[in-house]
Amino acid sequence: MLANLKKGEHGYIARFERYEKHSVEKVWSMLTENDKLATWFSELRIDELRKGGIIKFDMQDGTFEEFTITDFKLNSVLEFTWDKDLVRFELYPEQDGCLLVLIEKIETITDHTPRDLAGWHVCLDVIQALLDGRKIEREEEWKQWYEKYVVAIKEVSV
């Protein structure tokens with residue numbers, strides 16, 4: 001299911017929701033423990049897990065981009081800058097697992113926006129697959145979702 005995209009007061013908001021059949025703590029560890037984070041987003045590494053802390057993005061050319069953690073609540077909220085945008089993960093306990101919400105606040109739609117949204121979409125699918133003991137072919141999945149996000153972005157940015 002595509003992210004819910006809408007125009008906000010200051011740009012755009014993409015909201016992804018995934019129900020996980022795993023505890024908040026287990027899903028939180030996928031988001032915040034570097035060894036687990038590397039299994040679904042190998043370029044990211046958390047240097048300091050706290051509000052004001054740093055997440056590094058390996059540009060794969062020997063350089064790193066630093067993102068600042070702007071909101072943090074243990075087992076509940078991880079929000080950080082993403083270039084000019086914000087990425088926020090929220091976890092909510094449910095009866096037999098938890099709800100994982102990813103919100104990206106997008107300042108300006110660019111040609112790269114559907115790539116990022118398809119990327120986040122596949123990352124969430126990979127997290128779910130890993131937790132369930134499955135594997136996903138990322139490249140094929142990404143291509144499929146990228147095309148859908150190109151259309152969705154055109155519709156919301158009209």
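Structure data summary
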| item | result |
| --- | --- |
| Selection count where residues are outside any strand (DSSP E or B) and touching a residue at least 60 places away in the same chain (Cβ under 8 Å), scope the range 76-101 | 1 |
| Residue list for the range 88-121, restricted to those being among the charged types (D, E, K, R) and either buried (at least 17 other Cβ atoms within 10 Å of the Cβ) or more than 22 Å from Ala152 (Cα to Cα) (or both) | Arg88, Glu90, Glu94, Asp96, Glu104, Lys105, Asp116 |
| Residues of the range 126-144 satisfying the condition of being touching a residue at least 24 places away in the same chain (Cβ under 8 Å), surrounded by 15 or more Cβ atoms within 10 Å (Cβ to Cβ) and either over 19 Å from Asp35 (Cβ atoms) or charged (D, E, K, R) (or both) | Trp142 |
| Residue in the range 103-117 that is touching a helix residue (DSSP H, G or I) at 6+ places or on another chain (Cβ under 6 Å) and among the polar types (S, T, N, Q) present | yes |
| Matching option when the condition is over 13 Å from Leu5 (Cα atoms) and either part of a strand (DSSP E or B) or out of contact with any Lys or Arg (no Cβ under 9 Å at 6 or more places or on another chain) (or both), among Glu141, Glu104, Glu155 | Glu141 |
| Which numbered condition Ile46 misses (of (1) surrounded by fewer than 19 Cβ atoms within 10 Å (Cβ to Cβ); (2) farther than 28 Å from Ala152 by Cβ) | (1) |
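No value in this document is a laboratory result; all are computed from the given coordinates. All values reported here derive from a predicted model rather than from experimental measurement. Every residue, glycine among them, receives a Cβ derived from its backbone with ideal geometry; neighbour counts consider all protein chains shown.
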